[in-house]
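The values are calculated or read from the model by the stated rules, or taken from the named source; none is laboratory data. None of the values given here were measured: they were computed from a predicted structure. Neighbour counts run over all protein chains shown; Cβ positions are idealised from the backbone, glycine included. SASA here: full protein model, heavy atoms, side chains in, ligands and nucleic acids out. Shrake-Rupley method; radii C 1.70, N 1.55, O 1.52, S 1.80 Å.
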Amino acid sequence: MIDSTAIERLDALMQGGGRRILGIAGLPGAGKSTLVAQILEHVGPHAVGVPMDGFHLANAELARLDRASRKGAPDTFDAAGYVALLRRLRDPVPGEIVYAPAFHREIEEPVAGEIAVSADARLIVTEGNYLLLDADGWQDVHGLLDEVWFVDVDDVQRREQLLQRHMHYGRTRQAALDWIEHTDEPNGRRIAATAGRADFNVRVSLDATA
């Protein structure tokens, strides 16, 4: 479960009226989605999770751009689309539902319009790798978030988490290890370099597919 220090910070963030947008950043396999689930459970029905991963470019487009082997790198997402969604979420219109995309690992594709965000949602929790990146179209994200938490995790545990996740969704062990070495880890080094921009560091308990 989310620890007491994080709960105190979350409750403080939500003091007063209006909507808050909380970003959860971290390396691949750090447990971002696990933390989001814990936050949503703590806050209840007035909180909605809106993942950055919904803005993955479709596999066909990645193939056209010759970026499929680097899926997960900053330029394999629609960063401008993500920024546009965050701007809409920052300024809700009474009675309006904003629809956000989700990402499905079982098909490795985003699905448009799956997440409904009503105007009365008080907390939006958005998680992803590049919330703190200050380049390549991501530089406007940080300013649209009220806080960004960075997920700390033991690196051995994180790599095992990644390995189990990739195998769970169909890769062989060797294919998973190759993807971690040549794709996840280079991306991870770039993400780690942004950690100093976070407002708060938090640890979570991981499971094999988070």
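If you filter region 38-75 down to residues that are of a type in the set (A, V, I, L, M, F, W, C) and in contact (Cβ under 8 Å) with a residue 60 or more places away in the chain, you find that the one that is farthest from Tyr99 (Cα to Cα) is Ala73. Screening Leu123 against (1) touching a His at 6+ places or on another chain (Cβ under 6 Å); (2) surrounded by 20 or more Cβ atoms within 10 Å (Cβ to Cβ) leaves a single unmet condition, (1). Go through the residues of region 46-65 one by one and say whether even a single one is buried (at least 17 other Cβ atoms within 10 Å of the Cβ), part of a helix (DSSP H, G or I) and touching a Pro at 6+ places or on another chain (Cβ under 6 Å). Checked region 46-65: at least one residue is buried (at least 17 other Cβ atoms within 10 Å of the Cβ), part of a helix (DSSP H, G or I) and touching a Pro at 6+ places or on another chain (Cβ under 6 Å).
With the checklist (1) part of a strand (DSSP E or B); (2) open to solvent by 30 Å² or more (accessible area, probe 1.4 Å); (3) in contact with a Pro (Cβ under 6 Å, 6 or more places away or on another chain); (4) over 18 Å from Ala37 (Cβ atoms) in hand, flag the one item Asp136 doesn't pass. The failed condition is (1).
Looking only at residues that are of a type in the set (Lys, Arg) and assigned to a helix (DSSP H, G or I) in region 144-188, which one is surrounded by the fewest Cβ atoms within 10 Å (Cβ to Cβ)? Going through the qualifying residues, I end up with Arg173. Looking only at region 110-133, residues that are among the hydrophobic types (A, V, I, L, M, F, W, C) and assigned to a strand (DSSP E or B) come to 8 in all. Pairing residues of region 1-20 that are over 20 Å from Ser33 (Cα atoms) and open to solvent by less than 50 Å² (accessible area, probe 1.4 Å) with residues that are part of a loop (DSSP other than H, G, I, E, B) and hydrophobic (A, V, I, L, M, F, W, C), at Cβ distances under 7 Å and at least 6 apart in sequence or on separate chains, gives Arg19/Ala121. Residue count for region 1-32, restricted to those that are over 19 Å from the mean Cα position of the chain (by Cα) and part of a strand (DSSP E or B): 0.
Contact map, region 81-109: residues that are part of a loop (DSSP other than H, G, I, E, B) paired with residues that are of a type in the set (S, T, N, Q) and at pLDDT 95 or above, Cβ distance under 8 Å, separation 6+ or inter-chain. Pairs shown: Ile97/Ser118; Glu108/Asn59. Taking the condition surrounded by 20 or more Cβ atoms within 10 Å (Cβ to Cβ), in a helix (DSSP H, G or I) and either touching a His at 6+ places or on another chain (Cβ under 9 Å) or without any contact (Cβ under 8 Å) to a residue 60 or more places away in the chain (or both), does Leu35 pass? Criteria not met by Leu35.
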